[in-house]
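Novice: Could you have a look at this structure, given as structure tokens, before my questions?
The values are calculated or read from the model by the stated rules, or taken from the named source; none is laboratory data. Not measured: the values here are computed from a predicted model. Ideal geometry is used to build each Cβ from the backbone, glycine not excepted, and the neighbour counts take in all protein chains shown. Accessible surface areas use protein heavy atoms only, side chains included; no ligands, DNA or RNA. Shrake-Rupley method; radii C 1.70, N 1.55, O 1.52, S 1.80 Å.
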Amino acid sequence: MGHDRRTPLRFALGLAIGSAMIGAQLANIALVGDVAIVRNADFAFALLVPLGVSFLAWAAVEEIAFRSYPLFRLSHTFGFWSAQLGVALVFALYHVAGGVPLMQALLGTAVGSLAFGAAALASRGLAVPIGMHAAWNVGEWLVGSKGVPFPSPWSLDISSASASSVATAGAIGYFCVFGAVLLACWTMIRRRK
């Protein structure tokens, strides 16, 4: 683990994977319901770069804090799954402390942690998961899925008639997208051994 000449390429790969993940999630919900992306007229586009950079920086901080030394050390000592589950639980509780409801943290944040952790272990570094995490967070923010405290340039307009099917498809899609990343990374790690 560490910086080498390929770090920018690995980060770009992470951005591409994360962008594909959020793209697949948005396409998934658009397929099952009446969903449109609408511009938020009150969004000041001068905030686009600073807010986008802050999501990138925060993804880097979280990946460094949770998936650098702790994950790699625990994985070396206890194995892939024990390390992953331990770090994912702590990551979820950290989000609960920040105001995320417990079930959302356990079913959403922890699942994301497993995928990002698997990417860190499979790539033997943090550039790929930082890129993935940043792209996912920026993608969610751009369409208003990060919540009220984060003004976004666009939002998802979901018809009331399809709200339930979109919510169900969104939950299933989230597990499928992050599960596919986890499975692909785990398979890479097993093949290497």
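Novice: Go through (1) assigned to a helix (DSSP H, G or I); (2) open to solvent by 50 Å² or more (accessible area, probe 1.4 Å) and name the single condition L26 misses.
Specialist: Among (1) assigned to a helix (DSSP H, G or I); (2) open to solvent by 50 Å² or more (accessible area, probe 1.4 Å), L26 violates only (2).
Novice: Oh, and also: Right, S113: within 25 Å of A16 (Cα to Cα), hydroxyl-bearing (S, T, Y), touching a residue at least 60 places away in the same chain (Cβ under 8 Å) and open to solvent by less than 70 Å² (accessible area, probe 1.4 Å) or not?
Specialist: For S113, the condition - within 25 Å of A16 (Cα to Cα), hydroxyl-bearing (S, T, Y), touching a residue at least 60 places away in the same chain (Cβ under 8 Å) and open to solvent by less than 70 Å² (accessible area, probe 1.4 Å) - is not met.
Novice: Pick out the one residue from V166, V181 that is among the β-branched types (V, I, T) and in contact with a strand residue (DSSP E or B) (Cβ under 7 Å, 6 or more places away or on another chain).
Specialist: Exactly one residue qualifies, and that residue is V166.
Novice: A further question follows. Which condition from (1) open to solvent by less than 80 Å² (accessible area, probe 1.4 Å); (2) of a type outside the set (S, T, Y); (3) assigned to a helix (DSSP H, G or I); (4) more than 20 Å from A110 (Cα to Cα) is the one that D4 breaks?
Specialist: (3) is the only condition that D4 fails.
Novice: Select, from G98, G79, G86, G52, the only residue that is surrounded by fewer than 19 Cβ atoms within 10 Å (Cβ to Cβ) and closer than 18 Å to P153 by Cβ.
Specialist: Testing whether each residue is surrounded by fewer than 19 Cβ atoms within 10 Å (Cβ to Cβ) and closer than 18 Å to P153 by Cβ leaves just G52.
Novice: Okay, next question. Taking region 147-164 as the search range and keeping residues that are touching a residue at least 40 places away in the same chain (Cβ under 8 Å) and open to solvent by 50 Å² or more (accessible area, probe 1.4 Å), which one is nearest to the chain's Cα centre (by Cα)?
Specialist: Going through the qualifying residues, I end up with F150.
Novice: Go through region 29-43 and report how many residues are over 18 Å from N137 (Cβ atoms) and either open to solvent by 50 Å² or more (accessible area, probe 1.4 Å) or of a type in the set (S, T, Y) (or both).
Specialist: Selection size over region 29-43: 8.
Novice: Quick check on this structure: which one of A105, A59, A92, A119 is surrounded by 18 or more Cβ atoms within 10 Å (Cβ to Cβ), closer than 16 Å to C185 by Cβ and of a type in the set (G, A, S)?
Specialist: Criteria check complete, one pass: A119.
Novice: Can I ask one more? Is region 66-83 home to any residue that is part of a helix (DSSP H, G or I) and under 15 Å from the mean Cα position of the chain (by Cα)?
Specialist: Yes, region 66-83 contains at least one residue that is part of a helix (DSSP H, G or I) and under 15 Å from the mean Cα position of the chain (by Cα).
Novice: Among the residues of region 13-23, how many are in contact (Cβ under 8 Å) with a residue 60 or more places away in the chain and open to solvent by 50 Å² or more (accessible area, probe 1.4 Å)?
Specialist: Matching residues across region 13-23 total 5.
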